[in-house]
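Working notes for the structure below.
The values are calculated or read from the model by the stated rules, or taken from the named source; none is laboratory data. Predicted, not measured: the structure shown is a model, and the values here were computed from it. Don't worry about glycine lacking a Cβ; one is built from the backbone with ideal geometry, like all the others, and counts go over all protein chains shown.
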Amino acid sequence: MLYAPQRERLHMEIYELKGEEYIELIKLLKIMRISESGGQAKMMVDDGIVFRNGGQEFRKRAKLRSGDVIEMMDFKIRIE
């Protein structure tokens with residue numbers, strides 16, 4: 001019998017800007033508790049495991065605005 005690999009389920013979160021124009025990527029990773037520190041968040045971005053709107057994001061201080069979607073590992077965050 002042939003088994004298809006199970007796709008990991010993404011943990012979807014929403015981050016609300018609450019009147020702010022944007023949030024920096026590494027700050028978002030810390031606030032959402034994906035990384036334990038700013039240093040760890042920077043390493044995640046440097047390692048190329050963070051995706052913004054489907055493409056790899058290597059800018060640690062990328063300004064995330066409403067409508068952006070961040071994906072990494074099994075997390076998916078939509079900015080509103």
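The table that follows gives values for the structure above.
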item	result
Region 21-53 - residue that is at pLDDT 95 or above and in a loop (DSSP other than H, G, I, E, B) and, of those, farthest from Asp74 (Cα to Cα)	Glu21
Subset of region 54-67 (residues that are in contact with a helix residue (DSSP H, G or I) (Cβ under 8 Å, 6 or more places away or on another chain) and part of a loop (DSSP other than H, G, I, E, B))	Glu57, Phe58, Arg59, Lys60, Arg61, Ala62
Residue in region 68-76 that is more than 11 Å from the chain's Cα centre (by Cα), more than 15 Å from His11 (Cβ to Cβ) and not in a helix (DSSP H, G or I) present	no
Enumeration of residues in region 30-56 that are out of contact with any Phe, Trp or Tyr (no Cβ under 9 Å at 6 or more places or on another chain), surrounded by 15 or more Cβ atoms within 10 Å (Cβ to Cβ) and either under 15 Å from Glu13 (Cβ atoms) or among the basic types (Lys, Arg) (or both)	Lys30, Ser35, Lys42, Arg52
Tabulated pairs, region 17-38, first under 14 Å from Arg61 (Cβ atoms) and of a type in the set (Val, Ile, Thr), second modelled with pLDDT of 95 or more and assigned to a loop (DSSP other than H, G, I, E, B), C-beta under 9 angstrom, 6+ apart or interchain	Ile23/Leu17; Ile23/Arg65; Ile26/Lys60; Ile26/Arg61; Ile26/Ala62
